[in-house]
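Notes follow once the structure below has been shown.
The values are calculated or read from the model by the stated rules, or taken from the named source; none is laboratory data. In this text the structure is predicted, and so the values were computed from the model without any measurement. A quick note on method: Cβ atoms are made from the backbone with ideal geometry, for glycine too, and the neighbour counts reach across all protein chains shown.
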Protein chains: 2
Amino acid sequence: MNRSILEAFEPIFYPKSVAVIGASTELAKFGNIILSALMEIGYGGKIYPVNPEGGEIKGFPVYQSLKEIPGEVDLAILTIPAPLVSGALEECLRQGVKGVEILTSGFKETGNREGRRMEEEISRIARRGIRILGPNCFGIYCPESGLTILPGQNFSRETGPVGFLSQSGGLCVDLGQIAKGLGIRFSKMVSYGNGCDVAACDLLEYFYADEKTRIIAGYVEGVEDGPRLLRILKENKGKKPVILWKAGLTATGSRAVMSHTGSMGGSEAVWNAALQQAGVIQVSSAEELVDTIYAFLYLADYVGPRVSVMGGGGAISVAASDSLERLGLSVPLFSQPILQKLKTSFPPVGNSLRNPVDLGNPMIPPSMLRKVMEAAGEDEGIDTLIVIQILFYILFQVRHRLRMDDRPLSQFSFQPELLKACEEVRAKYQKPIIMVLPDITTDACMIDLESEWRRERDVYQTAGFPVFKTLDRAARALGHCIAFQRAKLD
Amino acid sequence: MNRSILEAFEPIFYPKSVAVIGASTELAKFGNIILSALMEIGYGGKIYPVNPEGGEIKGFPVYQSLKEIPGEVDLAILTIPAPLVSGALEECLRQGVKGVEILTSGFKETGNREGRRMEEEISRIARRGIRILGPNCFGIYCPESGLTILPGQNFSRETGPVGFLSQSGGLCVDLGQIAKGLGIRFSKMVSYGNGCDVAACDLLEYFYADEKTRIIAGYVEGVEDGPRLLRILKENKGKKPVILWKAGLTATGSRAVMSHTGSMGGSEAVWNAALQQAGVIQVSSAEELVDTIYAFLYLADYVGPRVSVMGGGGAISVAASDSLERLGLSVPLFSQPILQKLKTSFPPVGNSLRNPVDLGNPMIPPSMLRKVMEAAGEDEGIDTLIVIQILFYILFQVRHRLRMDDRPLSQFSFQPELLKACEEVRAKYQKPIIMVLPDITTDACMIDLESEWRRERDVYQTAGFPVFKTLDRAARALGHCIAFQRAKLD
């Protein structure tokens, strides 16, 4: 384990005190928003606002300069204009500040000479003994210490196994929100912007060393030192999954990278080959990034590529077969004895039992679905179960047929019984089960189905079963988990 | 125009009377569900339940046989067991019934000899002068005449330009629900199951001839006569967009086709090449099918591949560039004069204006966004505008900052002003505008954002602006529209 990197980042991720340089009473200023965010999320250390005008902000006395602060400062958050940054950094050095987040933009990403010059200057200051995140970043979210990014005041305070590094602050803000309902929890999330000092390589080394991080994910546009990045990845291959969105690989994307974070994108073919060799799980959209983190979180190590898909309605069997096969997964037929046993429980027509199992009707009682789950559990040719339930039919249609349109949807749920079946089959056969609950209503007036959807998702998730909205998304995420396991064996 | 096919299908799609053969008082039986569905959707013709037991169902007198019905029968819906079907068809022939839907399964899709034999028998009966849909299908939805599929009792009664043909009944049921909130309306939707008589080729010819159908879409597993299908497509190439999901193209998918509708999938490479040559827009999931129909519905003919993307937050510029370029679209830089003019309205740092336009902050006032829209409208190098707004930030975060968490979200919407800007820019420059409203909250407790999302979507949609949840989905659908225009010119 890399002790030195853990020690170097300790005061930055777990600061006992934070100075906000550029703290402001103006609501729209970064120096106000970040202060509010730290207070709202409940950062427990000391907060020192700094502004030459002095006074008071949100009940804190404002220090006119860093040196007036009575105690030590572990982390300084800079929100002052770009031309003032290097001066403030010199003072941070003098006062023994351990680390700095520079939220200010207007550096290398402007593409102009003055911006580049200022950024080179702060890089030089960093080498004199202070770690710097940014500039042009949103900072650090660390639920354990109560640090948060701009604006991340409502992020979860629960800590978790995901370490996320990102050149885009906006993506961090989005991911923090998306993560909440999915039970994705972070050890740390770090927006490093232009990455003039701390960047992808250091953070990757940190996350490999950090015992609290079990899954590493990242969004990277340009890389400061490609060979070093690949060396770190290869040296640690298979230790922890690394899910990476390497953006800016197309010609237009690469051009956009320059004006976003001032770095260079790179050649798509070269990056794809190198990252694959290094065992990295590559994704190419926010949706795929989230789905993949989610799958690694909920699926255990014994997930395998031979899948049984079961459900009813909506061309399930054919579509499932196509999409799984395209992702390198297989849908093998059940073995003959298993199939024969299964056939005794179902009518001879109106279904297809060989795997994929299409029970014809989307309103399948859990007792019937359990029989298929048992078969898939027992069959030695099957590794992973995917259960598809279209809630609309079970909830709305059943309620409607019973002429009980005024009752809440949750009263018609098959969930308690199906959840029990999932838990028992998983315990008995030790095979992972993935839920797919497609979402087929779009009306503004049918919002109660979406409410019930989220409620059911939460229950399955809490029991350790991942829930996806489409089979394609489930299959893609599962495919990534399996690719990681295969890469470990290479 | 193919008059004869229109005439042949007239009494089937617009029947003056329908007999339900196998009508039942048992709630769970098809013969009960389809009768309820016809009544609930408000079919306006005569309904004749038929069952040898006689009596009364839902207020209708039940006829013991077809020949006892006092008037003519245009369409007969069969829900009786498979072995009784051929006898009933003979009686339909004798009584001059024009068309038949056979909902019953247990024919070719069983894979056994008896099933195949029974299906061949009904094919032979069809050739003696009666059109047959099915067996193993869900029938016809035609909002104009009030026919609906099983179970489609809550489908829209509004008619529209989309003709949909499908080998899967389940997909029809799903699509009818999904379509509702998206403003997708159908001329006809036809589930033809095993397709022993009427199948993809006939329906395609009908939809080309039908003046009420402007967009043709379909889900096809096996094709009864591949050369004929391709000939029809080529002869009509460019007349109407044909969006086709040809499933069962992988080895496993092809195997599943056999037990779903008893037909054969086919070779992926051969189909892909042939369909592309025929100008077909190929899709490969329900999501892509819906998104593409939606895009053809809302985007006018003058849509073009040179896109301007504008918004703020979430790595918008880089991700947008990558995903558009991968789909064959371009994101050209604004011309110098346009860019210079734009620069005068925005601060010199914290944004990227060259296109994609990333305004840095996701809370962009509509007045600022309008300036970018004007620039993209004016720039002759831009065909299509994509506007990204992350509603979460505008609604939740603005409300939170103003300390008004108890007010409804709609009070904080930028929509009235942004909609006005969209309408004015579209009118002035005659360029299509696509809205992307990403959805980044997942909490069960934040369901009010999803409600507000749907409300805003409905307003944009009503004004003719399509709304997508992700940029990737918007770009994929736009790419299909452009490919169709290009194919027309081939």
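Scan the stretch B:126-149 residue by residue and report those that are surrounded by 24 or more Cβ atoms within 10 Å (Cβ to Cβ) and either basic (Lys, Arg) or in a loop (DSSP other than H, G, I, E, B) (or both). Answer for the stretch B:126-149, where residues must be surrounded by 24 or more Cβ atoms within 10 Å (Cβ to Cβ) and either basic (Lys, Arg) or in a loop (DSSP other than H, G, I, E, B) (or both): B:Gly134, B:Pro135, B:Asn136, B:Cys137, B:Phe138, B:Thr148, B:Ile149. Just wondering, is there one or more residues in the stretch A:153-160 that are out of contact with any helix residue (DSSP H, G or I) (no Cβ under 9 Å at 6 or more places or on another chain), part of a loop (DSSP other than H, G, I, E, B) and modelled with pLDDT of 95 or more? Checked the stretch A:153-160: at least one residue is out of contact with any helix residue (DSSP H, G or I) (no Cβ under 9 Å at 6 or more places or on another chain), part of a loop (DSSP other than H, G, I, E, B) and modelled with pLDDT of 95 or more.
Residues that are polar (S, T, N, Q) and over 21 Å from B:Ala421 (Cβ atoms) within the stretch B:398-410 are absent altogether. Hey, among A:Asp174, A:Asp202, which residue is within 30 Å of A:Arg455 (Cα to Cα), part of a helix (DSSP H, G or I), of a type in the set (Asp, Glu) and assigned by TED's automatic domain parsing to the domain that holds A:Ser36? Going through A:Asp174, A:Asp202 in turn, the sole match is A:Asp174. Across the stretch A:338-356, the number of residues qualifying as within 7 Å of another protein chain (Cβ to nearest Cβ) and assigned to a loop (DSSP other than H, G, I, E, B) comes to 4. Summed over the stretch B:317-338, the residues that are out of contact with any helix residue (DSSP H, G or I) (no Cβ under 8 Å at 6 or more places or on another chain) and in contact (Cβ under 8 Å) with a residue 24 or more places away in the chain give a count of 2.
Filtering the stretch B:121-170 to residues that are under 18 Å from the mean Cα position of the chain (by Cα), within 14 Å of another protein chain (Cβ to nearest Cβ) and of a type in the set (Gly, Ala, Ser) leaves B:Gly152, B:Ser156, B:Ser166, B:Ser168, B:Gly169, B:Gly170.
Within the stretch A:233-254, take every residue that is assigned to a helix (DSSP H, G or I) and buried (at least 19 other Cβ atoms within 10 Å of the Cβ) and give me the one that is farthest from the chain's Cα centre (by Cα).
The selected residue is A:Thr252.
State whether the residues of the stretch A:410-430 include one that is surrounded by fewer than 18 Cβ atoms within 10 Å (Cβ to Cβ), facing chain B (nearest Cβ under 10 Å) and more than 20 Å from A:Lys469 (Cα to Cα). The answer is no; no qualifying residue exists. In summary, B:His400 fulfils each of the numbered conditions (1) closer than 22 Å to B:Ser330 by Cβ; (2) surrounded by fewer than 19 Cβ atoms within 10 Å (Cβ to Cβ); (3) over 35 Å from the mean Cα position of the chain (by Cα) with the single exception of condition (1). Is at least one residue of the stretch B:322-332 surrounded by fewer than 24 Cβ atoms within 10 Å (Cβ to Cβ) and either within 20 Å of B:Glu417 (Cβ to Cβ) or modelled with pLDDT under 85 (or both)? No - not one qualifying residue is present in the stretch B:322-332. Here A:Lys239 meets the list (1) touching a Lys or Arg at 6+ places or on another chain (Cβ under 6 Å); (2) within 24 Å of A:Pro432 (Cα to Cα); (3) not polar (S, T, N, Q) almost entirely, failing just condition (1). For the structure I just gave you, tell me whether A:Gly183 is within 12 Å of chain B (Cβ to nearest Cβ) and surrounded by 24 or more Cβ atoms within 10 Å (Cβ to Cβ). It is false that A:Gly183 is within 12 Å of chain B (Cβ to nearest Cβ) and surrounded by 24 or more Cβ atoms within 10 Å (Cβ to Cβ).
Going through the stretch A:365-381 one residue at a time, which ones are touching a strand residue (DSSP E or B) at 6+ places or on another chain (Cβ under 7 Å) and within 14 Å of chain B (Cβ to nearest Cβ)? The one that is touching a strand residue (DSSP E or B) at 6+ places or on another chain (Cβ under 7 Å) and within 14 Å of chain B (Cβ to nearest Cβ): A:Gly381.
Please work out if A:Gly87 is more than 30 Å from B:Asp405 (Cα to Cα) and of a type in the set (Gly, Ala, Ser). For A:Gly87, the condition - more than 30 Å from B:Asp405 (Cα to Cα) and of a type in the set (Gly, Ala, Ser) - is met. Of all residues in the stretch A:209-236, those that are in the same structural domain as A:Ser254 (by TED's automatic domain parsing) and in contact (Cβ under 8 Å) with a residue 24 or more places away in the chain have Cβ atoms under 9 Å from Cβ atoms of residues that are surrounded by fewer than 21 Cβ atoms within 10 Å (Cβ to Cβ) and of a type in the set (Lys, Arg), 6 or more apart or on another chain, in A:Ala209/A:Arg3; A:Thr213/A:Lys240; A:Arg214/A:Lys240; A:Ile215/A:Lys240; A:Ile216/A:Lys240. In the stretch A:457-473, the residue that is farthest from the other protein chains (Cβ to nearest Cβ) out of those that are buried (at least 22 other Cβ atoms within 10 Å of the Cβ) and modelled with pLDDT under 95 is A:Leu471. Pairing residues of the stretch B:51-62 that are small (Gly, Ala, Ser) with residues that are part of a loop (DSSP other than H, G, I, E, B) and at pLDDT 95 or above, at Cβ distances under 8 Å and at least 6 apart in sequence or on separate chains, gives B:Gly54/B:Val62; B:Gly54/B:Gln64; B:Gly55/B:Val62.
Counting only helices (runs of 4 or more DSSP H) that sit completely within the stretch A:262-337, those holding 1 or more residues that are more than 10 Å from chain B (Cβ to nearest Cβ) and not small (Gly, Ala, Ser) correspond to A:268-277, A:286-298.
Within the stretch A:131-141, the set of residues being more than 18 Å from A:Tyr219 (Cβ to Cβ) and of a type outside the set (Val, Ile, Thr) comprises A:Arg131 only.
Within the option set B:Leu385, B:Leu395, being within 14 Å of another protein chain (Cβ to nearest Cβ) and on the phi < 0 side of the Ramachandran plot holds for one residue only, B:Leu395. Selection of helices (runs of 4 or more DSSP H) fully inside the stretch A:367-486 by the criterion of at least 3 residues being among the charged types (D, E, K, R) returns A:415-429, A:447-462.
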